[in-house]
1. Does LYS159 qualify as being closer than 14 Å to ALA200 by Cα and of a type in the set (Lys, Arg)?
2. Against the conditions (1) assigned to a loop (DSSP other than H, G, I, E, B); (2) buried (at least 23 other Cβ atoms within 10 Å of the Cβ), where does ARG47 fall short? Just the number, please.
3. Checking the condition aliphatic (A, V, I, L, M) and touching a residue at least 60 places away in the same chain (Cβ under 8 Å), which residue from ILE94, ILE116 passes?
4. If you scan segment 157-174, which residues turn out to be at pLDDT 95 or above and among the charged types (D, E, K, R)?
5. Residue by residue through segment 190-225, note down the ones that are assigned to a loop (DSSP other than H, G, I, E, B), under 16 Å from VAL155 (Cβ atoms) and modelled with pLDDT under 95.
6. If a residue has to be touching a helix residue (DSSP H, G or I) at 6+ places or on another chain (Cβ under 6 Å), buried (at least 21 other Cβ atoms within 10 Å of the Cβ) and of a type in the set (A, V, I, L, M) to count, how many in segment 50-77 make the cut?
7. Any chance you could count how many residues in segment 147-192 are surrounded by 19 or more Cβ atoms within 10 Å (Cβ to Cβ) and either of a type in the set (S, T, N, Q) or farther than 27 Å from TYR266 by Cα (or both)?
8. Taking the condition of being touching a residue at least 60 places away in the same chain (Cβ under 8 Å) and of a type in the set (A, V, I, L, M), how many residues in segment 170-202 meet it?
Amino acid sequence: MAGEVSISDFLYPEMLAEVPSPPQKIYFKGNYCSEIFQNCLAVVGSRKMSVYGVRVIEKIFSVLHKDISIVSGFMSGVDAEAHRRAIKLGLRTIAVMPCGIDYIHPENQADLYEEILSNEGLILSEFEGDFKPKSWTYPKRNRIVAGLSRAVLVVEASKNSGSLITARMANSYGRKVFVVPGSIFSNLSEGKTQISNEFAINIDSGFSINEFFGFGSSTDTYKNEKKSDSGNNVILETLKNDPMTMDELSEYLSVDISTLNKEVTYLIMSGLVTESEGKFYAC
């Protein structure tokens, strides 16, 4: 399905209409429905994301409630990973374009564009047709990403990252802004540190996001997080004795890579484990 919606139309997203200077008209392709706009989480970050960033998205998204829609800006890096992970987990996703609705940018993500549409996702833009992106269209796109969302998650960001524009816009709109802890040695943590000192809330679990959206109480969060405590302790004790690669750790503990990856990512985010040259070390 494709079409356009004006700000005077009852189908226009309610939260977007509340922001300063909202788009007077938005163009769309895909699953345009009221449900997809009800619980939007914007996920933003660097175009040059690290392995750590990939693992953060994997861990946070793995427990998100199915009624949360992931909103991002379709760029490479964090944006694309967020869209793809949402699709893989059966979450709805909205891609907000900095160009015309029919123009695919970046062009090497044509497969992702089609994948979003074929999985009940939505492509949005305030620009029609084949309008090409300009330097000024990215901030305009960012205000839509922030405006649609009840909260924003910043995965990775340098101190000059464009994702901080989205975070600051969201904060000015009265939205919650979440960040995940990052390495003090990585420039991709600098932007997160900056906004966490100003207004952002540090989290290390998707359960915190669920709770903000009203899906699960703090008690539920505590119980779910406690389930993995014993497994985390085993991993820590193992790594204290001998640093290992993920494959070595998986074989030693007889745990599949997918499950182990989530646990190790949690330990890294908690500052209990570090990674160097492919091996993991207990702190």
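1. In short, no.
2. (2)
3. Numbers: ILE94 fails: touching a residue at least 60 places away in the same chain (Cβ under 8 Å).
Just one listed residue meets the conditions, ILE116.
4. Matches in segment 157-174: ARG168 only.
5. Within segment 190-225, the first condition is being assigned to a loop (DSSP other than H, G, I, E, B), and the residues that meet it are 197-200, 203-205, 213-217.
Those still in the list that are under 16 Å from VAL155 (Cβ atoms) too: 200, 203-205.
Selection gives ILE203, ASP204, SER205.
6. Summing the residues that are touching a helix residue (DSSP H, G or I) at 6+ places or on another chain (Cβ under 6 Å), buried (at least 21 other Cβ atoms within 10 Å of the Cβ) and of a type in the set (A, V, I, L, M) in segment 50-77 gives 5.
7. Final tally of qualifying residues: 9.
8. 3
The values are calculated or read from the model by the stated rules, or taken from the named source; none is laboratory data. Everything numeric here is computed off the predicted structure, so don't read it as measured data. Counting neighbours? That spans all protein chains shown, and the Cβs are built from the backbone with ideal geometry, glycine included.
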